[in-house]
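Structure, as structure tokens:
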Amino acid sequence: MARTPTAAQVLGHVVLVTGKEEYLSARTVASVRDAVRAHDPDAELAESAASDLTLASLGEMSAPSLFSAIRCVMVRGLEDLPDESVEGLLGYCAAPVDDVALVLVHSGGAKGSGVLTKLRKLPKVTEVKSEEVRANEMPAFVTAEVASHGAKIDSDAAAFLVQAVGTDLRSLAAAADQLTNDFHGEQLTVEKVQRYFGGRAEAKSFTVADAAFSGRRAVALEELRWALDSGTAAVLVTSAMAASARSLARYLGSPRGARDADLARELGVPPWKVRTVRDQSRAWTPEGIAAAVRAVATADADIKGRAHDASYTLERLVLTVAGLREAR
């Protein structure tokens with residue numbers, strides 16, 4: 001099913017939404033409702049928990065009202081459908097009412113899988129999967145979001161946006177929408193993304209970590225001071241340092257000759273970040289990384305309770321990590 005379905009695709013049909021990614025599921029439900037309302041602004045909306053569903057209640061929700069024959073019915077939590085209601089629901093889905101769009105939402109997991117198997121065999125049922133998006137798939141999600149607005153984004157720009165905004169899909173989708181509207185018809189580049197999102201705390205924190213683990217002591221200190229002066233929380237810096245240490249440790253333990261795509265999955269980073277980790281790893285040993293991890297843990301504990309001066313603690317951490325790299 002297209003991201004924006006037509007009324008003909010949903011009226012008289014059943015849309016089965018499955019998967020754990022709540023944002024994608026909610027967007028699918030909204031797209032069905034929008035299609036129905038675009039067809040008939042007076043269309044009525046009805047909603048029920050599957051645990052409360054009976055054939056009688058489904059019939060009531062799907063029956064024409066005094067105001068409109070067109071209806072959109074959403075049943076959430078399909079995994080909780082009572083056993084006694086299964087046959088009635090399957091019977092309806094085998095021959096849905098022409099003027100009704102029925103949306104069934106299953107939140108993922110094994111519970112209720114038997115009902116899903118039977119629903120998937122019905123010709124009037126269309127499944128839309130809301131699968132979880134892994135960390136290394138986030139740039140591709142951004143690229144697809146931008147494309148859905150009729151625009152294009154450079155791969156490095158998509159990766160930078162993820163680093164700046166984070167991995168919340170709703171925030172990434174909103175950012176993609178903002179960028180495509182503000183740079184209408186233009187290719188989105190790193191420079192354009194930085195103009196809007198380069199000041200995000202998460203992006204600043206990873207800039208500090210990248211510089212420290214690359215041994216660029218002066219740059220790391222400069223980036224740290226700028227980040228703290230602009231309001232970046234100290235714990236975000238230690239978090240970024242810890243993430244960089246983990247990525248390096250995993251890289252050093254990975255098999256030689258592995259493809260970047262496989263390494264990205266192993267490291268839990270986007271593909272473009274593999275190049276950065278590879279470059280950093282040339283001057284690190286497992287012993288050095290272990291010492292860096294201990295330094296990060298100490299700094300994090302100090303910031304969260306023992307240290308009176310977080311800035312001094314972070315400066316000491318940056319110098320320690322850069323020094324360990326140089327010592328190699």
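The values are calculated or read from the model by the stated rules, or taken from the named source; none is laboratory data. These figures come from a predicted structure and were not determined experimentally. Heads up, the Cβs are rebuilt from the backbone with ideal geometry, glycines too, and the neighbour counts pull from every protein chain shown. Ligands, DNA and RNA are excluded from the accessible area calculation, which covers all protein heavy atoms including side chains. Shrake-Rupley method; radii C 1.70, N 1.55, O 1.52, S 1.80 Å.
Some notes on this structure:
- Some residue of region 14-27 being farther than 30 Å from T167 by Cα and either modelled with pLDDT of 85 or more or surrounded by 17 or more Cβ atoms within 10 Å (Cβ to Cβ) (or both): yes
- Of all residues making up region 269-292, the number that are in a helix (DSSP H, G or I), closer than 23 Å to G166 by Cβ and either more than 29 Å from the chain's Cα centre (by Cα) or not aromatic (F, W, Y) (or both): 7
- Only one of the numbered conditions (1) basic (K, R); (2) more than 19 Å from the chain's Cα centre (by Cα); (3) not in a loop (DSSP other than H, G, I, E, B) is violated by R170, and that is (2).
- Test: residue in region 131-139 that is under 24 Å from V10 (Cα atoms) and either open to solvent by less than 70 Å² (accessible area, probe 1.4 Å) or in contact with a helix residue (DSSP H, G or I) (Cβ under 6 Å, 6 or more places away or on another chain) (or both): no
- Some residue of region 156-176 being modelled with pLDDT of 90 or more and surrounded by fewer than 20 Cβ atoms within 10 Å (Cβ to Cβ): no
- Within region 62-73, tally of residues that are within 17 Å of Y92 (Cα to Cα) and modelled with pLDDT under 70: 3
- Subset of region 121-130 that is of a type in the set (A, V, I, L, M, F, W, C) and out of contact with any Ser or Thr (no Cβ under 7 Å at 6 or more places or on another chain) - its residue that is surrounded by the fewest Cβ atoms within 10 Å (Cβ to Cβ): L122
- For the residues A258, A297, A240, A249, the requirement of being under 29 Å from the mean Cα position of the chain (by Cα), among the small types (G, A, S) and surrounded by 22 or more Cβ atoms within 10 Å (Cβ to Cβ) singles out A240.
- In region 140-150, the residues that are open to solvent by 20 Å² or more (accessible area, probe 1.4 Å) and without any contact (Cβ under 8 Å) to a residue 60 or more places away in the chain: A140, F141, T143, A144, A147, H149, G150
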